[in-house]
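Q: One structure follows; several queries about it will come next.
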Amino acid sequence: MALAQTPPTPTQSGVITIGEALHSSLDTFINADECTGAGVVRLGWLTNGPPETSGVTYQLFAANKDPNAGNGGACPSAPDPSTNLHAGTVAARINPTGANPMPDSEYATSAIAAVAGFDPATGDSTTTTATIFLCVEGVDPNFVGSVFRARTNALTLDRRKPTSVEGGSATTGDGAVHVSWTERPDTDNPPAEYYVIDATVADTTVAFDPITVHTSDPVTTSGFRFGGLVNGVVYGVRVWTFSPADNRSDPTFVGTAQALPSSDFWESYKTAGGREQGGCASGPAGLVAIAGAAAVLALAALRRRR
Amino acid sequence: MKRIVVAALLAALASAARAESPRWGSFDLSVGNYKPDIDAEFAGTMAGPFEQAFGTGRGWMFRVGAAKALFTNAGSLEVGFQTGYHKRTGKALAVDPITQTVVGPSGDETTLHIIPTTLTLTYRFDFLADRYRIPLAPYGRAALERYNWWVTDGKGSTSRAGATNGWSVTGGLALLLDVFDPDLAREMDNDSGVNHTYLFFEARKSTIDDFGSSKSWDLSDKNLSYAGGLLFVF
């Protein structure tokens with residue numbers, strides 16, 4: 001059975017905040033996708049100055065060490081081999097309109113990693129993870145002094161793939177397949193943060209599904225009812241593990257299953273000739289009556305206490 | 001002489017009984033077993049739809065109740081209500097979309113939920129426990145029952161809902177826990193107004209079939225339902 005080779009797309013935004021709280025969440029990772037090819041990271045920041053300051057521009061720096069450590073809080077703009085500091089300017093004269101907050105913009109990961117002393121394709125020579133600091137300075141119109149300075153906390157450049165899940169199964173459901181799997185313990189690789197499942201059409205003998213590959217939202221459990229499928233179609237199911245940095249594992253094929261209509265207990269009962277009609281001669285009236293009785297007794301008890 | 005000794009012993013026990021806060025009624029919590037006899041209407045050797053979906057085992061029934069004492073002079077007669085929850089979850093059946101025949105169990109779950117609502121009349125012979133601290137109080141209860149139920153499918157949607165009426169009788173024995181720590185019992189009465197605490201065990205025989213209606217399924221327990229719990233008299 002042929003399965004599509006397109007992996008599901010990481011769903012996290014990759015936005016990395018600098019400075020004041022511009023975004024509700026902080027992404028502390030630069031992942032493998034952001035490191036390869038034309039990979040980018042998105043950055044935005046908010047200064048503590050006025051909303052717009054005419055002529056103020058920003059400069060973005062990267063370093064492999066905390067800018068606040070031994071540099072007087074200033075963004076390090078040049079390397080210092082004596083301290084093994086890799087640092088440099090990623091972009092200059094950002095913000096021609098003086099916007100504050102500075103809206104998200106994309107910056108090439110290769111430039112960031114290069115000035116921080118890392119080859120984004122391979123990491124450093126011994127590991128696939130590294131720590132990078134990004135720093136922003138606001139510069140006045142005359143390039144005389146800094147009017148704003150902010151930095152990120154440590155960002156982890158992490159290209160490691162998490163370990164694929166093992167085992168697993170796929171079983172039928174009504175317009176769905178049920179998928180389960182087992183996380184494979186592996187202390188050498190990053191832990192599983194979430195999973196994404198895809199279901200690829202494998203056999204349309206009974207019914208036709210116009211969507212060849214269905215991809216789930218992120219799942220944090222080890223089992224999932226994958227709905228929205230077409231009854232009669234056989235699907236092949238794969239599970240992808242994602243790390244905290246949003247790096248993907250290799251997929252694990254957990255099996256095939258046919259989406260089939262299912263008969264719940266009531267339907268089975270009626271199909272067998274059951275005489276119960278359901279509905280309300282009954283329904284919620286009994287609940288309401290009892291709730292009312294409970295309320296009366298509770299009120300009586302309260303009155304007694306007073 | 002023997003009568004005098006017994007009288008003196010009873011008097012001593014009676015004097016040990018503490019002064020209590022006024023009594024209003026009782027509150028109880030219990031857990032027991034239960035299995036509706038839905039398959040009773042499907043006579044034959046094949047497993048009925050209930051057994052196919054949920055198997056042959058018995059499930060848990062949780063109940064909570066409150067009652068108002070009508071009198072407490074020679075034992076306690078109480079009228080009250082109970083409610084609770086019972087859930088059975090099993091596998092739905094997969095159906096071939098062309099032939100409409102069952103091909104086996106589905107990965108989808110199906111669930112039967114039951115919320116019993118019960119009006120009760122209980123007589124508890126707690127005279128000896130109240131007066132002489134003899135820590136056992138047998139009791140009997142007659143009840144009108146209304147089992148509110150609904151069935152959900154694999155997506156969690158309600159497939160069908162309804163209610164079935166009936167009645168039940170219960171017999172039980174309550175063990176007065178106060179005798180094990182009278183000081184704590186007295187403190188509890190002072191702090192919260194709980195006069196007595198009992199541990200109880202009971203057996204219930206229920207008939208829940210809309211009083212024999214030909215259009216109703218049978219939610220009676222084919223066997224006795226056994227339960228245990230705590231009773232607070234306040």
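Q: Starting from the 7 Å offset along Cα-to-Cβ, what nm value, one decimal, do you get for the label separation of residue A:206 and residue A:272?
A: Calculated label separation equals 2.3 nm.
Q: Under 14 Å from a point placed 7 Å out from the Cα of residue B:144 along the Cα-to-Cβ direction: which residues of segment B:189-233 have their backbone N that close?
A: Answer for segment B:189-233: B:210-211.
Q: Here is a further query. Tell me, in nm to one decimal, what length is gained between residue B:100 and residue B:29 on full extension, where the rule is 0.36 nm per residue of separation less the Cα-Cα distance? Intermediate values should be presented prior to the final figure.
A: Working: separation 71, 0.36 × 71 = 25.56 nm, distance 4.56 nm.
Full extension from residue B:100 to residue B:29 adds 21.0 nm.
Q: Treat each spin label as a single point 7 Å out from the Cα along the C-beta direction, and report the residue B:211 to residue A:93 distance in nm.
A: 9.3
Q: Now for a separate question. Where does helix B:182-192 land angle-wise versus the long Cα axis of chain B, in degrees 0 to 90, nearest 10?
A: On a 0 to 90 degree scale, this one is about 70.
Q: Would you mind getting me the FRET efficiency between residue B:201 and residue A:106? Use the beta-carbon distance for r and R0 = 56 Å, nearest 0.05.
A: It comes out at approximately 0.20.
Q: Run the paramagnetic zone check for residue B:134: 7 angstrom along Cα to Cβ, then residues of segment B:200-234 with backbone nitrogen under 20 Å.
A: Residues B:200-201 fall inside that zone.
Q: About the Cα centre of segment B:71-163, how large is the charge dipole given +1 on each Lys and Arg Cβ and -1 on each Asp and Glu Cβ? Please answer in debye to the nearest 20.
A: Using Cβ point charges on Lys, Arg, Asp and Glu, segment B:71-163 gives about 220 debye.
Q: Give me the dipole magnitude in Debye, nearest 20, for segment A:168-258 about the Cα centre, with unit charges on the beta carbon: positive for Lys and Arg, negative for Asp and Glu. Walk me through the numbers on the way to the answer.
A: On the way: 4 positive and 11 negative charges, 37 e Å.
Here the size comes out at about 180 debye.
Q: Okay, next question. Run the reach check for residue B:91 against lysines, Cα to Cα strictly under 20 Å, same-chain hits fewer than 8 apart removed. What comes back?
A: The reachable lysines, counting only those whose Cα sits under 20 Å from residue B:91, are A:270, B:35, B:155.
Q: What does the extension gain come out to for residue A:166 and residue A:28, with contour length at 0.36 nm per residue minus their alpha carbon separation?
A: Residue separation times 0.36 nm, minus the Cα-Cα distance, leaves 46.9 nm.
Q: How much length, in nm to one decimal, is gained on full extension between residue B:89 and residue B:42, taken as 0.36 nm per residue of separation minus their Cα-Cα distance? Each step should come with its number before you reach the end.
A: Values: separation 47, 0.36 × 47 = 16.92 nm, distance 2.05 nm.
Result: 14.9 nm gained on full extension.
Q: Expressed as an acute angle from 0 to 90° and rounded to the nearest 10, what is the orientation of the C-alpha long axis of helix B:2-16 relative to the principal long axis of chain B?
A: Roughly 70 degrees, rounded to the nearest 10.
Q: If amide hydrogens are placed 1.01 Å from N in the peptide plane, which non-local residues have theirs closer than 5 Å to the one on residue A:232?
A: A:259, A:260
Laboratory data are not the source of any read-out in this text; all were calculated from the coordinates shown. On a predicted model such as this, the values are computed, not experimentally measured, just so you know. Note that each Cβ is placed from the backbone with ideal geometry, even for glycine, and that neighbours are counted across all protein chains shown.
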